[in-house]
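Okay, structure first, notes after.
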Amino acid sequence: MPRSRSILGVAGLIWMAHVGVVLFFHGQGPGPLLSDFIQLILGAMLIYAIAQASQRSEGMAISFWRLGAVAYTLLFVAQTLSVYNDLFHATAVSWTNNMLFSFWFVPLAMAIFLDPEHEAGKIDTIVALDFVQGVLVCVAAYLYFFFIPKTAASGEMAHEVWAPYFLGYSFVAGAFILRAGLTRSRDSRVLFGRVGGFLALSGCIDALYYYGPGLGLKTGTWFDLFWSALLVIPMIIAGIWRQTEAPELTLQAPQREKRIYTEIFFLLYPLLVLFMSLRIARERLGLAAVVVCLSFVCSSARLLVTQHRLLQAREALRREASRDGLTSLWNRKAILSMLERELLRAERDRQTVGLIMIDVDHFKKINDTRGHAAGDAVLRIIASGIAAMVRPYDSVGRIGGEEFLIVAPNCGLAETWELAERVRVHVANCNIIVSGAAVQVSLSLGVATGSVSSELEKLLHASDTALYQAKNAGRNRVEPSLGLAASATQSAAAAPNRDFWL
């Protein structure tokens, strides 16, 4: 706050100095040059004040002030080119300068698309690309209808070329004020309301210069004080800005309503740019080429972004349809489909498929005593432990609350039992700490093998029966034991412990 007050105080002193320059020189001698330099200093201070406001902001407000900084940077460049043109009278600089003065507010207009309730204020990439494409249409229309015909006739900027500037400027100012009236966010209402009111005032002063008492006045006269004031006012808005609302963060991306007619503009914009560029190319071929190339880049970028999002959406749908949301293992439908596929392969190749049914012992007690959040975390640890112990070509899925299934191709009963025992030992040696207290976790496992796809239900029933045998025999074991329980106990004692803190 003290820094903001200092900036505003210095800006006020500089504006008063500008008043002295105007009164002393009356637009003569070094007066015009001093007036331009004072406006340059105020422009640089304004950009700094906006950067400070951005640092004090969060969410949507950050993007708002950053767009404002870009807009006033363009205006600062236009002011710099204007000073250069006054000193050296370069025709190309004059044309570039007028273009920047005509479209400096376009980045600020993109703030209209900011949403305080979604995306933490970020601008959607496709919306931004469509907006840039629309700006290119405006630029092409400006050149086609105003700049090229008038400059070709008189060799200099005609008075009428500012008409589209006022049209676009009025539209942006009205959109800001309308947004301030419709938004439910207090911060958005303050931002859009203050800036929209300033833009309306700025447009009125510009109209007074081109169509009112300022018409024909030279640089350095009394009207320059209004230009300086238009740099001080947004500095005041940025300096007194204080955010009062925390940005609303959502876990899910906002759902955007799409209609087919909205895509027509995307197809129409490049066509309009190309059509008007044909006329522009007769007078300025290089300029027409730049406009067309920029339009092509925007169109190509939009297609790439759309294609990338479609691929991401397809992958997300595929994953959601086949993966368990909690553990990221295969879900019940997917793992049973894999089991059927492996049985068909085994039947063709005369091999066997091992099946392991797994249940977490006393899991309900963990949920009741530690809470469901801790229970979910324990399930994720168990799932990762099971996945770590199987072979790369085995498949692991979650088929119920605390039930898992392993499909092990080309495994006989003994190999399947050994795999199941390896999983049991690994999980039994995991030390899970929840809120500072240890949680002992063990598994009961039932194994079975099959080689005919038509007996899939029998295979599932056999592994399920073996699982209940393991539970009835005391849990934390693999059934049928195949007479290997003694060696399993030795392997469990030799296995290292792993700690997990929750």
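At Gln55 and Asp368, where each label point lies 7 Å from the Cα along Cα→Cβ, what is the point-to-point distance in nanometres?
5.8 nm
Can you give the Rg to Rh ratio for segment 304-359, taking only C-alpha atoms and Rh from Kirkwood?
1.18
On the principal axes of its Cα set, how long, how wide and how thick is segment 180-244? Give whole Å, largest value first.
Here the spans come out as 45, 23, 9 Å, largest first.
Once Rh for segment 342-483 is found with the Kirkwood sum over Cα pairs, what is the Stokes-Einstein diffusion coefficient at 4 °C and 1.567 mPa s, in µm²/s?
Working: Rh = 15.4 Å.
Diffusion coefficient, whole number: 84 µm²/s.
How much of Tyr468 can a 1.4 Å solvent probe reach, expressed as accessible area in Å² and rounded to 10?
For Tyr468, solvent-accessible area is about 120 Å².
Compute the FRET efficiency between Glu245 and Ser442 as 1/(1 + (r/R0)^6), taking r as their Cβ-Cβ distance and R0 = 60 Å, and round to the nearest 0.05. Show your work: numbers first, answer last.
Numbers: r = 50 Å, r/R0 = 0.83.
Here the calculated transfer efficiency is 0.75.
Please find the FRET efficiency linking Leu285 to Arg380, where r is the Cβ-Cβ separation and R0 is fixed at 60 Å, and quote it to the nearest 0.05.
Details: r = 63 Å, r/R0 = 1.05.
Calculated value: 0.45.
How many angstrom lie between the C-alpha centres of segment 271-328 and segment 370-390?
42 Å
When the Cα centres of segment 418-443 and segment 179-246 are compared, how far apart do they sit, in Å?
66 Å
Mind running the shape call on segment 14-103? Use the C-alpha gyration tensor, a ≥ b ≥ c as the square roots of the eigenvalues: rounded below 1.5 for a/c, prolate if a/b tops b/c, oblate otherwise.
Numbers: a/c = 3.99, a/b = 1.52, b/c = 2.62.
It comes out oblate by the Cα gyration axes.
The values are calculated or read from the model by the stated rules, or taken from the named source; none is laboratory data. What you see is a predicted model, and the numbers here were worked out from it, not measured in a lab. Heads up, the Cβs are rebuilt from the backbone with ideal geometry, glycines too, and the neighbour counts pull from every protein chain shown. Ligands, DNA and RNA are excluded from the accessible area calculation, which covers all protein heavy atoms including side chains. Shrake-Rupley method; radii C 1.70, N 1.55, O 1.52, S 1.80 Å.
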